[in-house]
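One structure below.
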């Protein structure tokens, strides 16, 4: 008999660290460059006439390539929203205090809704129909993060 | 369908937050049990179709350690991702090709103990845009979908709580379920914490380890293997836009189109009258009305009143998820195959306390993607022909 206790080895924790180098594509590249100049660009489909944002090349419904760039307002209307009391960090839930406010926003001139974080109001004030405007990162980083968040547009929005 | 294919057997694990054994043993015991019950061996299986997922398994070619425990070693074998309902469709087609008389479909994942389901779902996000922004995840998108339906059709949070409570009660009648409560009330659901409003913890699926196996056979072989085959009458799948901002989240166009095609194959003209029981994949309970309405089982936007009136209860006019559905257990990949397995149990009178009286025709639904982007529908019946 050995005094040594038998060790239980039930699990093997194996992290995976993959790094991918995705090509952004010319459409999203132009969109990101636009954000750096405080412009939000969308694409208009010549088939259905719908304006989508963020821009992409192919309209799934029409099976056409979209080629007409449209500059959208940086002001829009909240069409759907959720108040998050948690965050998902690497798949794990963490409490979010204060809660995070996420909205689907119809920018003036667009048909598709853009997801954005809304700040500058209480969670219970976030409602459909609320007019919001983009708040830009200054100085610009030439990244998606240049469109930092949205806040209530206030009077005249 | 021109060439008949039947479900002749099903097996499931007792789904768990931690199944307590390696995947290989789980699969071996599951499939060996099914073989022993039928008195067959792996030699009786013509083709094997696995549904598992590389991201869920944490290794490429996720089936590489799955084919041996299920008996597929050196046999005709292939793998499908997305969800087990697609694997079953593929397996049925392999039988319809005339090359095989039997097909074993096996689907599994260990989302309770091995991987993080929300992280795997994050890897479905567009990598150059949504994944960079970090706003969308499985929960926040589901919450937006719930809000979209509730705003459009006036379903209240309490009515949504009723759906969740029904599912927890049904799950208490399902020996395979992981999460259940025999006397669950809407108040129990409302007492769970908000994650992303309006979704509370008990509106969302539990992280689950589990597996399911379903054996399909040609008409002649099916009658040799069982006295009560369940016939596949129609099947189809369809995919909606990835972009949430372009979808009408309050409905499910792709479910509707898949159902229309499956019903046409099955000769179903009035689904609400002709279907006796439905098993739909709704990992978030608000998806139950969205999907069952797209499947033509209830009028558009009626989710709130259906819940109030108990129409989708086991003894209701159109029972939905007598198994407890995804609220009872939701192993990724296996989820849609479990829906078929549960329809099989219903149509063969094996559903025990969850049995729907006189059920002869059922619809099973599977999904994948954010807010049920990708949907598959299968119509099953105990009546041949």
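The values are calculated or read from the model by the stated rules, or taken from the named source; none is laboratory data. Just so it is clear, the structure is predicted and the values come from calculations on it, not from any experiment. Cβ coordinates were reconstructed from backbone atoms using ideal geometry, including for glycine residues, and neighbour counts include every protein chain displayed.
Quick notes on this structure:
- Tally of residues being in a loop (DSSP other than H, G, I, E, B) and surrounded by fewer than 21 Cβ atoms within 10 Å (Cβ to Cβ) across region B:297-313: 7
- Any chance residue B:5 is in contact with a helix residue (DSSP H, G or I) (Cβ under 6 Å, 6 or more places away or on another chain) and surrounded by 16 or more Cβ atoms within 10 Å (Cβ to Cβ): yes
- Test set (1) part of a strand (DSSP E or B); (2) in contact (Cβ under 8 Å) with a residue 40 or more places away in the chain - residue A:93 fails condition number: (2)
- So residue B:281, is it surrounded by 20 or more Cβ atoms within 10 Å (Cβ to Cβ), assigned to a loop (DSSP other than H, G, I, E, B), at pLDDT 95 or above and in contact with a strand residue (DSSP E or B) (Cβ under 6 Å, 6 or more places away or on another chain): yes
- Residues located in region B:218-245, provided they are in a strand (DSSP E or B) and within 30 Å of residue A:51 (Cα to Cα): B:237, B:238, B:239
- Selection status of residue A:89, more than 8 Å from every other protein chain (Cβ to nearest Cβ) and over 26 Å from residue A:38 (Cα atoms): yes
- Every condition in (1) within 13 Å of chain A (Cβ to nearest Cβ); (2) within 22 Å of the chain's Cα centre (by Cα) holds for residue B:196 except the one numbered (2).
Yes/no per residue for (1) under 26 Å from residue B:165 (Cα atoms); (2) modelled with pLDDT under 95; (3) in contact with a strand residue (DSSP E or B) (Cβ under 9 Å, 6 or more places away or on another chain):
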{"position": "B:207", "(1), (2), (3)": "yes, no, no"}
{"position": "B:215", "(1), (2), (3)": "no, no, yes"}
{"position": "B:219", "(1), (2), (3)": "no, no, yes"}
{"position": "B:226", "(1), (2), (3)": "no, no, yes"}
{"position": "B:233", "(1), (2), (3)": "no, no, yes"}
{"position": "B:244", "(1), (2), (3)": "no, yes, yes"}
{"position": "B:255", "(1), (2), (3)": "yes, no, yes"}
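- From the list A:138, A:142, A:111, A:148, the lone residue that is in contact with a strand residue (DSSP E or B) (Cβ under 7 Å, 6 or more places away or on another chain), surrounded by fewer than 20 Cβ atoms within 10 Å (Cβ to Cβ) and in a loop (DSSP other than H, G, I, E, B) is A:111.
- Screening residue A:101 on (1) closer than 22 Å to residue B:193 by Cα; (2) surrounded by 21 or more Cβ atoms within 10 Å (Cβ to Cβ); (3) more than 9 Å from every other protein chain (Cβ to nearest Cβ); (4) in contact (Cβ under 8 Å) with a residue 40 or more places away in the chain shows it passes everything except condition (4).
- Filtered residue count, region B:127-161, keeping only those that are buried (at least 24 other Cβ atoms within 10 Å of the Cβ), more than 13 Å from chain A (Cβ to nearest Cβ) and assigned to a helix (DSSP H, G or I): 2
- Selection status of residue B:259, in contact with a helix residue (DSSP H, G or I) (Cβ under 9 Å, 6 or more places away or on another chain), part of a loop (DSSP other than H, G, I, E, B) and under 26 Å from residue B:154 (Cβ atoms): no
- Region B:125-146, residues that are more than 13 Å from residue A:102 (Cα to Cα) and within 19 Å of the chain's Cα centre (by Cα): B:138
- Test: residue in region A:57-76 that is surrounded by fewer than 10 Cβ atoms within 10 Å (Cβ to Cβ) and either more than 12 Å from every other protein chain (Cβ to nearest Cβ) or part of a strand (DSSP E or B) (or both): yes
- Looking across B:103, B:82, B:72, one residue alone is touching a strand residue (DSSP E or B) at 6+ places or on another chain (Cβ under 7 Å), buried (at least 16 other Cβ atoms within 10 Å of the Cβ) and not in a loop (DSSP other than H, G, I, E, B). It is B:103.
- In region A:11-26, the count of residues that are under 30 Å from residue A:131 (Cβ atoms) and surrounded by 11 or more Cβ atoms within 10 Å (Cβ to Cβ) is zero.
- Index of the failed condition, residue B:97 passing every other in (1) crowded, with 24+ Cβ neighbours inside 10 Å; (2) closer than 22 Å to residue B:377 by Cα: (1)
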